[in-house]
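To keep things clear, I will list the structure first and then write my remarks on it.
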Amino acid sequence: MAFNEKDFLKELETVVNIDSHSKMPEGTAKVAEYIEERLQKAGWLTEKISVGPEVGPCLKAVNKPCEKYDVMLIGHMDTVFPAGTAAQRPFAVKDGHFTGPGSADMKGGLMYMCSLAEYVAEENLDGSICLLFNSDEEISSVASRPVIEREAVKAANVLVLEPARASGALVNKRKGIVKYELTFNGIAAHAGVDPDKGASAINEFIRWGAEIIKLAAPEKGTTVNIGLVNGGTGANVVAEKAVCSIDIRITDIKEAERIDKKLKEMQAAPFDSRVKIDISGGLKRPPFNTTEASRKLCAVVDEAAAELGLALEWVATGGGSDGNFTSALGVPTVDGMGPIGGGAHSDREYGEVVSIVPRFNLLTAVVKKLVQK
Ligand SMILES: [Zn+2]
């Protein structure tokens, strides 16, 4: 049956109303179950890939047995919302918006992938297409990354089905993400009786904090945020422990090395030598930059949009996606191929009903061009 808004919304309702937080393996597995059934019905070859006990399985589907893909589409089945969210504020359609946990980010994109599979089968499209669904994107795809990379290297192009920006723009550039957790281990003491016997983890953190802020380099696109700080047990106690979490965004991979080196140097020579600092973390997602090859893919998308009479814009964003991994492998990647949406990761999340049909038409037109090349 031809793609239409009404069926799409009904299918989307089914999956939005399944809670699937990244750390709810049974939830993402349920979404995978639903998708697999639809894909099999459309005649696709599916395979569930276990990526460890912490998260649900990945799901891979191909339209025929193949070693190389003309195009691979990626979508994540997990959301940032805990169990119970779907019951609290289930899927709804109102005032031209569809809402509910993960409705835009990115169950709308998942339903596009299912509909595309059905379209490919109905139209008997030639070429080889891989659909890859993972279950831990919202926690940096730590478990699924090897699967994504293994499949992406077989692909001539990658389309990421994250939502198009609220403005309707697609994404061809994303910042890389570096995350650290620093633990300062000092020596506790009474702040009044024998302060000298103590080595304050908080004092050490404050001095580090000043240096960490200076690691930002806006001219290179590097931003630094100390987003979480915890420490101490009371005003009259020299703090034994302090912990901080840092989020750094980069556009140049060399910046990750510069920052790592600086932190390790500071670790080797703390301001107060009695304080020991543990550093964990590092590069989570490499930057997704535009390359000559990815510009060609953008041109294919632009051409398809022009033929459909859609005006398209491209933007860069500081948020990461699985497109960061595929693009870092040199595979031309574009992102934001899902329905238009906004407010991701909040209860203001929504998708634009009016974008459902035109953006699906864009997706099928792009895929058609890529398999005919
Ligand atoms: Zn997403």
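The values are calculated or read from the model by the stated rules, or taken from the named source; none is laboratory data. The structure presented is a predicted model; accordingly, all values stated were derived computationally and were not measured. When we count neighbours, we look across all protein chains shown, and the Cβ atoms used for this are built from the backbone with ideal geometry, even at glycine. SASA here: full protein model, heavy atoms, side chains in, ligands and nucleic acids out. Shrake-Rupley method; radii C 1.70, N 1.55, O 1.52, S 1.80 Å.
Solvent-accessible area per residue for the chain at a 1.4 Å probe radius, Å²?
On a per-residue basis, 43 Å².
Select from the range 248-316 those trypsin sites (Lys or Arg not before Pro) which occupy a DSSP coil region and have at most 15 other Cβ atoms within 10 Å, ordered by residue number.
Passing sites in the range 248-316 are ARG274.
Of the accessible area of the chain, with the probe set at 1.4 angstrom, what percent is carbon plus sulfur?
The nonpolar share, carbon plus sulfur, comes to 52 percent.
Rounding to the nearest 10 and keeping the result within 0 to 90°, find how far the Cα-based axis of helix 356-372 lies from the longest principal axis of the chain.
Long axis of 356-372 versus the principal axis of the chain: about 80 degrees.
From the Cα gyration tensor of the range 287-373, with a ≥ b ≥ c the square roots of its eigenvalues, which class applies: rounded if a/c is under 1.5, or else prolate if a/b is larger than b/c, or else oblate?
oblate
Past the 24 Å Cα-Cα mark, which pairs from LYS197/LYS262; LYS68/LYS369; LYS175/LYS214?
Table pairs above 24 Å Cα-Cα are LYS197/LYS262.
Springs between alpha-carbon pairs under 10 angstrom, Gaussian network model over the chain: which of PRO25, PRO287, PRO65 fluctuates most?
With Cα springs under 10 Å in the chain, the top fluctuation among PRO25, PRO287, PRO65 is at PRO65.
Would the range 1-153 count as rounded, prolate or oblate if I go by the C-alpha gyration tensor, calling it rounded below 1.5 in a/c and otherwise prolate when a/b exceeds b/c, oblate otherwise? Mind dumping the intermediate values first?
On the way: a/c = 2.14, a/b = 1.17, b/c = 1.84.
It is oblate, given that a/c is not under 1.5 and a/b is not larger than b/c.
Are there chymotrypsin sites (Phe, Trp or Tyr not before Pro) in the range 172-274 that DSSP puts in a loop and that have at most 16 other Cβ atoms within 10 Å, and which ones?
On the way: sites: TYR180, PHE184, PHE205, TRP208, PHE271; in loops: PHE271.
Taking the range 172-274 and a limit of 16 other Cβ atoms within 10 Å, the loop chymotrypsin sites (Phe, Trp or Tyr not before Pro) found are PHE271.
Provide the FRET efficiency to the nearest 0.05 for the GLU181-ALA269 pair, computing r from the beta carbons and using R0 = 30 Å. List each step's numbers first, then the result.
Details: r = 20 Å, r/R0 = 0.67.
Working from the Cβ atoms, E equals 0.90.
Principal axis extents for the range 81-155, Cα atoms only, whole Å, descending order, please.
Projected onto its principal axes, the Cα set of the range 81-155 covers 42, 35, 16 Å.
Across every pair of different alpha-carbon atoms, what Kirkwood hydrodynamic radius in Å does the chain reach?
Result for the chain, one decimal place: 22.1 Å.
So how far apart, in nm, are the two label points at GLU211 and HIS345 if each is 7 Å from Cα heading toward Cβ?
The answer from the label model is 2.8 nm.
Using just the helices of the chain, give the 222 nm mean residue ellipticity in deg cm²/dmol: DSSP H runs with n ≥ 4 each add -39,500 (n - 2.57), and the total is spread over all residues, rounded to 500.
Helix contribution divided over all residues of the chain: -10500 deg cm²/dmol.
Which three numbers, in whole Å and largest first, are the semi-axes of the equivalent ellipsoid of the range 176-285 derived from its Cα gyration tensor as √(5λ)?
Semi-axes from the Cα gyration tensor: 29, 12, 11 Å.
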